[in-house]
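Student: Following this message is one structure expressed as structure tokens.
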């Protein structure tokens, strides 16, 4: 298993370590609920250095990004970021990712940890533009400092005016005495905050500075388990659960990042799907009866006919009730629709609802 630059720090803090995407990663330090609410109400720090980072550089860098990505990267200006996804020739999702425009000829692309090799090969295969590609994943650390108090807590570490940064923007500057740190107002929790991209050699120094600066804000280290419950409450997709190589962006509710004003891999397939109408849709639901929905549990109708499958589910720490997401037939996609989750041999009532859940 690979280790991040901070794995020894997590172990010293008593974190429960699990293998995840080829890395030893902290899943929790105290309890999921405690860590979750720390981020929702204050500020917490995730070591997500397992994520992949690629630099795409050259006169035709934008052309490559437009070819592989469903969103319209042409609208990006320097310092802006964009959520997008890549589709395979059948219209399935290769991965979802964030694109940061550093300049007209240079972009930072951040991909999921479990897909680094697959994504690199896919982008390389589509690079018919002579774009210079550099994989900086193994030399780059990433801290997600998330929560409503994150920017205030971190302001003493940088001259970048964090509270003035708009959502999905980024700046490069000095952070905790380390130069050329990318500071971005992106994240996977829906609670605000920043993500910082730091050279691995400086990660421990920055980690210590972050916790010193956040001490009066009751900052805490947060594991991957709370990251999952936080993102689910906001209805954010998780690759491998809610989206994968067999799900297309439209049925996954990602039509808002699928712009058919440019040609991308499978744009003709997506156009056809749009015209012919999708047959299933990713929806959010809340449990009406007692039970926790889990990945791959069947979704059935009142007669017990299978109409879909659960992709994500948990007991929401913020709401105190069980929530989930899953694909259902279009006949059951509307808010308020009654569905049942097959939990072992029992059909447990649930109701389709809008996301985000809060």
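The values are calculated or read from the model by the stated rules, or taken from the named source; none is laboratory data. The structure displayed is predicted, hence computed values, not measured ones. We place every Cβ from the backbone using ideal geometry, glycine too, and count neighbours over all the protein chains shown.
Student: Any idea which of (1) crowded, with 18+ Cβ neighbours inside 10 Å; (2) more than 13 Å from residue 87 (Cβ to Cβ); (3) outside the structural domain of residue 343 (by TED's automatic domain parsing) is the one residue 265 doesn't satisfy?
Tutor: (2)
Student: Hey, can you tell me all the residues within region 153-164 that are surrounded by 14 or more Cβ atoms within 10 Å (Cβ to Cβ) and in contact with a helix residue (DSSP H, G or I) (Cβ under 8 Å, 6 or more places away or on another chain)?
Tutor: Passing the criteria: 153, 154, 155, 157, 162.
Student: Within region 226-233, is even one residue surrounded by 22 or more Cβ atoms within 10 Å (Cβ to Cβ) and closer than 26 Å to residue 87 by Cβ?
Tutor: So far as region 226-233 goes, yes, one or more of its residues are surrounded by 22 or more Cβ atoms within 10 Å (Cβ to Cβ) and closer than 26 Å to residue 87 by Cβ.
Student: Same structure again: Of the residues 323, 339, only one is outside the structural domain of residue 228 (by TED's automatic domain parsing), in contact (Cβ under 8 Å) with a residue 60 or more places away in the chain and surrounded by 21 or more Cβ atoms within 10 Å (Cβ to Cβ); which?
Tutor: Answer to the check: 323.
Student: I need a count of the residues in region 161-175 that are part of a helix (DSSP H, G or I) and touching a residue at least 12 places away in the same chain (Cβ under 8 Å).
Tutor: Number of matching residues: 2.
Student: Pick from region 10-33 the residues that are in a helix (DSSP H, G or I) and touching a strand residue (DSSP E or B) at 6+ places or on another chain (Cβ under 8 Å): which of them is surrounded by the fewest Cβ atoms within 10 Å (Cβ to Cβ)?
Tutor: Ranking the qualifying residues of region 10-33, first place goes to 11.
Student: Take region 342-354 and flag every residue that is surrounded by fewer than 13 Cβ atoms within 10 Å (Cβ to Cβ) and closer than 15 Å to residue 296 by Cβ.
Tutor: Of everything in region 342-354, just one residue is surrounded by fewer than 13 Cβ atoms within 10 Å (Cβ to Cβ) and closer than 15 Å to residue 296 by Cβ, namely 344.
Student: I need every pair where a residue in region 94-123 that is within 16 Å of residue 77 (Cβ to Cβ) has its Cβ under 7 Å from the Cβ of a residue that is at pLDDT 95 or above and part of a helix (DSSP H, G or I), sequence separation at least 6 or different chains.
Tutor: Listed by first residue and then by second, the contacts come to 99/65; 99/73; 105/61; 106/61; 107/61; 107/65.
Student: Separate question: Need the failing condition index for residue 178 against (1) in the same structural domain as residue 13 (by TED's automatic domain parsing); (2) without any contact (Cβ under 8 Å) to a residue 60 or more places away in the chain; (3) out of contact with any helix residue (DSSP H, G or I) (no Cβ under 6 Å at 6 or more places or on another chain), just the number.
Tutor: It fails just one condition, (3).
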